[in-house]
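Structure, as structure tokens:
The values are calculated or read from the model by the stated rules, or taken from the named source; none is laboratory data. Keep in mind that what you see is a predicted model, and the values were worked out from it rather than measured. We place every Cβ from the backbone using ideal geometry, glycine too, and count neighbours over all the protein chains shown.
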Amino acid sequence: MRRVTAELNNQRPPRRGRLLQWFAIFYFWVAGWKVEGTLPDNPRMLITGAPHTSNWDGWNVIMTSWIARVELKWMIKAEFLRWPLIGWFLRWAGAVPIRRDSSHNVVSQSAEQLRTADEMLLLVAPEGTRRKTDHWKTGFYWIAHQADVPILCALMDYGNKTIRFTGPYHPTGDILNDIEKIWDDYRPVQPLHPEKLSDMRLRPRDRERFQQAQPAQQEETS
């Protein structure tokens, strides 16, 4: 079972029990999965979990957090928490409900919680859905930027059954350049359902909004 964590450099203090860790390691060993990369000891980070094409992604995230013995907060559609037993388990495992009709508030409120917490790991699926879309959402980036925390990438590769951590990347506010570094990590990764893989690009309105804001920011700093 050592192969499950042989290439994981976990620098974080333990926040979950040994029993959960042993269970998750055994499950990944039976399923043929392993965890690689470095989990840095930054007390506050935003983690991107992608590609997201199946509900199995969420289960693998939970197993990975138990293996690393970290307390992970992760965003999920509010309707998933309405089911009595499943909702209780998801909340206990770190799920944070979000409503799609209040995306702006989600960004600002999440950034404030992350910025003021003594210790917090917040995982966000940047695609925002399991269905194929022609863009990534930008909320995860602006949460990290407003909270002044690094972005750690969690790559869920079903091709070789590996959860791999890369980064961290420090958001500068220049999303056009910063997100390309993140996409470079994700491009080789194989999702469970390739036909549902979202395109790695920004919506035109997000790109235009950033470009229009640049002159004003340059004037403020000049």
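Exactly one condition in (1) farther than 25 Å from I62 by Cα; (2) at pLDDT 95 or above is not met by T221; state its number.
With (1) farther than 25 Å from I62 by Cα; (2) at pLDDT 95 or above applied to T221, the lone miss is (2).
Could you go through region 31-40 and let me know if any residue there is over 23 Å from T166 (Cβ atoms), assigned to a helix (DSSP H, G or I) and not aromatic (F, W, Y). Even if it seems obvious, please write down each step before you answer.
Taking region 31-40 and keeping what is over 23 Å from T166 (Cβ atoms), we get none.
Taking every residue of region 31-40 in turn, none turns out to be over 23 Å from T166 (Cβ atoms), assigned to a helix (DSSP H, G or I) and not aromatic (F, W, Y).
Restrict the check to region 69-82 and report whether at least one residue is within 19 Å of the chain's Cα centre (by Cα), among the charged types (D, E, K, R) and assigned to a loop (DSSP other than H, G, I, E, B).
Among the residues of region 69-82, at least one is within 19 Å of the chain's Cα centre (by Cα), among the charged types (D, E, K, R) and assigned to a loop (DSSP other than H, G, I, E, B), which makes the answer yes.
Report yes if T116 is of a type in the set (V, I, T) and exposed (fewer than 14 other Cβ atoms within 10 Å of the Cβ), otherwise no. Please lay out each step first, then the result.
Values: of a type in the set (V, I, T): yes; exposed (fewer than 14 other Cβ atoms within 10 Å of the Cβ): yes.
Against the criterion (of a type in the set (V, I, T) and exposed (fewer than 14 other Cβ atoms within 10 Å of the Cβ)), T116 qualifies.
Within region 29-37, can one find any residue that is without any contact (Cβ under 8 Å) to a residue 40 or more places away in the chain, basic (K, R) and closer than 17 Å to Y158 by Cα? Explain how you work it out, then say what you get.
Of region 29-37, the ones without any contact (Cβ under 8 Å) to a residue 40 or more places away in the chain are 29-30.
The next check asks that each one be basic (K, R); those that pass are none.
No - not one qualifying residue is present in region 29-37.
A quick yes/no check of all residues on (1) crowded, with 16+ Cβ neighbours inside 10 Å; (2) among the polar types (S, T, N, Q):
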| site | (1), (2) |
| --- | --- |
| M1 | no, no |
| R12 | yes, no |
| F28 | yes, no |
| N42 | no, yes |
| L46 | yes, no |
| H52 | yes, no |
| V61 | yes, no |
| I86 | no, no |
| A93 | yes, no |
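Please find, among I163, I143, the residue that is under 22 Å from N60 (Cα atoms) and in contact with a strand residue (DSSP E or B) (Cβ under 9 Å, 6 or more places away or on another chain). Break it down stepwise before answering.
Details: I143 fails: under 22 Å from N60 (Cα atoms).
Being under 22 Å from N60 (Cα atoms) and in contact with a strand residue (DSSP E or B) (Cβ under 9 Å, 6 or more places away or on another chain) holds for just one of I163, I143, which is I163.
Restricting attention to region 137-150, report how many residues are closer than 18 Å to I76 by Cβ and not basic (K, R).
Within region 137-150, the subset closer than 18 Å to I76 by Cβ is 137, 139-140, 143.
Applying the additional criterion that residues be not basic (K, R) yields 139-140, 143.
Count: 3.
Can you spot a residue in region 185-205 that is under 15 Å from the mean Cα position of the chain (by Cα) and assigned to a helix (DSSP H, G or I)?
Within region 185-205, one or more residues are under 15 Å from the mean Cα position of the chain (by Cα) and assigned to a helix (DSSP H, G or I).
Do we find a residue being among the hydrophobic types (A, V, I, L, M, F, W, C), assigned to a loop (DSSP other than H, G, I, E, B) and modelled with pLDDT of 90 or more anywhere in region 116-132?
The initial filter retains those residues of region 116-132 that are among the hydrophobic types (A, V, I, L, M, F, W, C), namely 117, 120-125.
Then keep just the ones that are assigned to a loop (DSSP other than H, G, I, E, B); that gives 117, 125.
Keeping just the survivors that are modelled with pLDDT of 90 or more gives 117, 125.
Yes, some residue in region 116-132 is among the hydrophobic types (A, V, I, L, M, F, W, C), assigned to a loop (DSSP other than H, G, I, E, B) and modelled with pLDDT of 90 or more.
Would you point out the residue of region 97-113, among those that are closer than 19 Å to W136 by Cβ and at pLDDT below 90, that is surrounded by the fewest Cβ atoms within 10 Å (Cβ to Cβ)? Don't jump to the end; show me each part of the working.
From region 97-113, those closer than 19 Å to W136 by Cβ are 98, 100, 103-104, 106-107, 110-111; that's our starting set.
Adding the requirement that they be at pLDDT below 90 leaves 98, 100, 103-104, 106-107, 110.
Details: I98: 19, R100: 11, S103: 14, H104: 9, V106: 18, V107: 20, S110: 25.
Within region 97-113, the match that is surrounded by the fewest Cβ atoms within 10 Å (Cβ to Cβ) is H104.
Working only within region 1-21, note down all residues that are in a helix (DSSP H, G or I), hydrophobic (A, V, I, L, M, F, W, C) and within 21 Å of K73 (Cα to Cα).
Here is the first cut: in region 1-21, the ones in a helix (DSSP H, G or I) are 2-4, 18-21.
Narrowing the set further to residues that are hydrophobic (A, V, I, L, M, F, W, C) leaves 4, 19-20.
Selection gives L19, L20.
Would you confirm, using the coordinates I've provided, whether E180 is closer than 30 Å to A24 by Cα, among the acidic types (D, E) and at pLDDT 95 or above?
Numbers: closer than 30 Å to A24 by Cα: no; among the acidic types (D, E): yes; at pLDDT 95 or above: yes.
When the stated conditions are applied, E180 does not pass them.
Return the residue satisfying two criteria in turn: it lies in region 137-181 and is hydroxyl-bearing (S, T, Y) and outside any loop (DSSP other than H, G, I, E, B), and of such residues it is surrounded by the most Cβ atoms within 10 Å (Cβ to Cβ). Write out each step before concluding.
Taking region 137-181 first, the residues hydroxyl-bearing (S, T, Y) are 138, 141, 158, 162, 166, 169, 172.
From the residues that got through so far, the ones that are outside any loop (DSSP other than H, G, I, E, B) too are 141, 162, 166, 169.
Values: Y141: 26, T162: 18, T166: 19, Y169: 19.
That would be Y141.
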